Amino acid sequence: TMLKKINNSIQTIVSNRKLKAKIYMFEDASKISDQLLSSCDIAFLDIDFESEDYNGLDVARRLRKVRNDSIIIFVTNFIEYAPEGYEVHAFRYMLKSKFESDIEPYFEQAINQIYQKKKTVKIQVNGEIIDLPMDSILYFEVQQHNITAYIQKNALRKDIKAYSFYGSLSDLELRLEPQGF
């Protein structure tokens, strides 16, 4: 019941704010793959799963191994687990009894945290504007006015993708320097 409540609330918030999101729900932690965890920006985790062998803290530990910058929000009735939550750098603890009042502000805070962490540089490739995450840029190659950005697509699999675009190196340097590149 709580899983459906969380899903419905997040779907509503995402829809109202016109955000794009993929939402996954799991009752069985063993069905959560490392590949899925590596793509997770925000995780709402209950401490208590149906399995007594596995709980939300275990999922959070796995998440931290593959994606250290994910936002973890525990939704629970068990506040006594809070000290363990600090080990996995939980962003918030939301008591189920206060879910209705806390879900929207906590989700908003999580989104703001993600935007603050994710610095990007905009490039135009074939007329399309693309945001390249600064932390995924490996290097740039320049030949005359053709610039190629090499980015690491997925830290878990070490995939590399290249984007070629027209521009000047001096203009690119001006845009990257304030962000510490």
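Counting alpha carbon pairs within less than 8 Å and at least 6 residues apart, what relative contact order, in whole percent, applies to the chain?
13
With every protein chain present, what is the per residue accessible area of the chain (1.4 Å probe, Å²)?
64
Which FRET efficiency value, to the nearest 0.05, do you get for ALA162 and GLN113 by plugging their Cβ-Cβ distance into 1/(1 + (r/R0)^6) with R0 = 35 Å?
About 0.70, to the nearest 0.05.
Using Stokes-Einstein with the Kirkwood hydrodynamic radius over Cα pairs, what translational diffusion coefficient do you get for the range 1-49 at 4 °C and a viscosity of 1.567 mPa s, in µm²/s rounded to a whole number?
108
Do the sum for the chain: with -39,500 (n - 2.57) for every DSSP H run of n ≥ 4, divided by all residues, what is the mean residue ellipticity at 222 nm, to the nearest 500 deg cm²/dmol?
About -10500 deg cm²/dmol.
What's the magnitude of the charge dipole for the range 74-181 around its Cα centre, counting Lys and Arg as +1 and Asp and Glu as -1 at the beta-carbon? Answer in Debye, nearest 20.
Value, rounded to 20: 220 debye.
Quick one: which residues, 5 or more positions from VAL125 or on another chain, have an amide H under 5 Å from its amide H? H modelled 1.01 Å from N in the peptide plane, none for Pro or chain starts.
ILE130
What nm value, rounded to one decimal, do you get for the distance between LEU174 and PHE26 when each label is placed 7 Å out toward the C-beta?
Distance between label points: 4.7 nm.
What are the residues whose amide H is under 5 Å from the amide H of ILE42, where those residues sit 5 or more places off or on another chain and H is modelled from the backbone?
ILE71
Computed FRET efficiency, Cβ-Cβ of LEU138 and ARG17, R0 41 Å: what is it to the nearest 0.05?
0.80
Just one of (i) 1, 7, 14, 17, 17, 13, 10, 8, 6, 4, 2, 1, 0; (ii) 1, 7, 16, 20, 20, 16, 10, 6, 3, 0; (iii) 1, 8, 19, 23, 22, 16, 8, 2, 0, 0 is P(r) over Cα pairs in 5 Å bins from 0, in percent calculated from these coordinates, so which is it?
The calculated read-out lines up with (i).
If you take the charge dipole of the range 3-128 about its Cα centre, with +1 on Lys and Arg Cβ and -1 on Asp and Glu Cβ, which of GLN109, ILE32, TYR54 is farthest toward its positive end?
Value computed over the given set: GLN109.
Restricting things to alpha carbons, tell me how big the range 63-121 is in terms of Rg and Dmax, in Å.
12.7, 42
5 Å is the cut-off here: which amide hydrogens, built 1.01 Å from N in the peptide plane, fall below it relative to THR120, excluding neighbours closer than 5 in sequence?
The answer is MET134.
The values are calculated or read from the model by the stated rules, or taken from the named source; none is laboratory data. Note that the coordinates shown come from a computational prediction; the quantities given were computed from them, not determined experimentally. Cβ atoms come from the backbone with ideal geometry, glycine included; neighbour counts cover every protein chain shown. Ligands, DNA and RNA are excluded from the accessible area calculation, which covers all protein heavy atoms including side chains. Shrake-Rupley method; radii C 1.70, N 1.55, O 1.52, S 1.80 Å.
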